[in-house]
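Colleague: Next up is a structure, given as structure tokens.
The values are calculated or read from the model by the stated rules, or taken from the named source; none is laboratory data. Bear in mind the structure is a predicted one, so any value in this text is a computation, not a measurement. For neighbour counting, all protein chains shown are included, and Cβ atoms are generated from backbone atoms with ideal geometry for every residue, glycine included.
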Amino acid sequence: MGKGYFWPQLRSRLTGVSTTDLISNCVKRLGLAEQWKPIARYITTPTGSCTSPEFVAVDTVEPSRNRLKVYARCSATNLSGVVSAMTLGNQPALANHAGIQHAITNVTHLWRLMFGQDAVDNDVSLTSKNSIYTKGIVIYYDLTPGRAIPMPKVYIPVRHYAKNDAHVCEVMSEYYRNIGFIQSGSTYQEMVERAL
């Protein structure tokens with residue numbers, strides 16, 4: 001399935017319309033306004049203001065089956081900040097959703113493996129190795145026709161926060177084994193080494 005990615009910042013600069021408003025207009029045309037509303041509300045709150053939408057993606061299928069993914073950069077680099085962004089400020093409909101609880105469990109598990117137990121227990125903010133634009137955590141919100149709430153996915157830019165590539169490979173191998181992907185866990189490091 002093809003996907004189209006769009007960066008609304010240039011149009012925002014040219015028109016003076018905020019990125020959030022441009023995305024809101026797009027979402028309405030796709031019939032996903034109800035799922036977008038809690039995201040739009042969250043990013044205008046003091047808690048959510050650290051999360052800013054950066055680009056959107058759509059599947060290249062008929063509108064009735066089209067998902068819209070809104071990618072947002074979260075400047076919070078501690079686990080509680082990421083969980084807050086995943087649940088849009090701990091909104092009950094999201095925080096209590098079984099799929100999102102499962103995602104939070106997985107993110108917490110991966111966070112512990114990648115950054116240590118202290119980063120989980122004491123909610124330590126990660127320290128970036130550099131200060132380039134891509135620091136922070138990226139979360140995308142998947143808006144799908146027929147589903148009541150947006151589903152989050154978390155991207156951790158390990159090049160800014162992890163010890164090194166070897167550590168990332170070791171962690172991913174262990175993570176895959178822990179979640180039941182035994183074959184992937186057994187071959188991940190070898191596949192990365194072969195690719196490089």
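Colleague: Return the residue satisfying two criteria in turn: it lies in segment 30-40 and is closer than 12 Å to L88 by Cα and without any contact (Cβ under 8 Å) to a residue 40 or more places away in the chain, and of such residues it is surrounded by the most Cβ atoms within 10 Å (Cβ to Cβ).
Modeller: The selected residue is A40.
Colleague: Among the residues in segment 131-152, are any surrounded by 14 or more Cβ atoms within 10 Å (Cβ to Cβ), of a type in the set (D, E) and modelled with pLDDT of 90 or more?
Modeller: Yes, some residue in segment 131-152 is surrounded by 14 or more Cβ atoms within 10 Å (Cβ to Cβ), of a type in the set (D, E) and modelled with pLDDT of 90 or more.
Colleague: Pairs please, first residue from segment 88-105 and under 21 Å from T45 (Cα atoms), second anywhere and assigned to a helix (DSSP H, G or I) and among the hydroxyl-bearing types (S, T, Y), Cβ atoms under 7 Å, 6+ apart in sequence or on different chains.
Modeller: L88/Y42; G89/Y42; N90/S84
Colleague: I need a count of the residues in segment 114-130 that are over 18 Å from R73 (Cβ atoms) and crowded, with 18+ Cβ neighbours inside 10 Å.
Modeller: 3
Rundown of residues vs (1) part of a helix (DSSP H, G or I); (2) over 17 Å from the mean Cα position of the chain (by Cα); (3) modelled with pLDDT of 85 or more, yes/no style:
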{"site": "K37", "(1), (2), (3)": "yes, yes, yes"}
{"site": "S52", "(1), (2), (3)": "no, no, no"}
{"site": "K69", "(1), (2), (3)": "no, no, yes"}
{"site": "A72", "(1), (2), (3)": "no, no, yes"}
{"site": "S84", "(1), (2), (3)": "yes, no, yes"}
{"site": "T105", "(1), (2), (3)": "yes, no, yes"}
{"site": "T108", "(1), (2), (3)": "yes, no, yes"}
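Residue-wise test of (1) loosely packed, with under 15 Cβ neighbours inside 10 Å; (2) closer than 21 Å to V83 by Cα; (3) among the polar types (S, T, N, Q).
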position: I156; (1), (2), (3): no, yes, no
position: K163; (1), (2), (3): yes, no, no
position: H167; (1), (2), (3): yes, no, no
position: Y175; (1), (2), (3): no, yes, no
position: Q183; (1), (2), (3): yes, no, yes
position: Y188; (1), (2), (3): no, no, no
position: E193; (1), (2), (3): yes, no, no
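Colleague: Right, next: So if I check each of I179, I139, I100, which one is in contact with a Gly (Cβ under 9 Å, 6 or more places away or on another chain) and of a type in the set (V, I, T)?
Modeller: Answer to the check: I179.
For (1) in contact with a helix residue (DSSP H, G or I) (Cβ under 9 Å, 6 or more places away or on another chain); (2) under 13 Å from M114 (Cβ atoms), each residue gets a yes or a no:
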position	(1), (2)
A148	yes, no
M151	yes, no
A162	yes, yes
M172	yes, yes
Y175	yes, yes
N178	yes, yes
R194	no, no
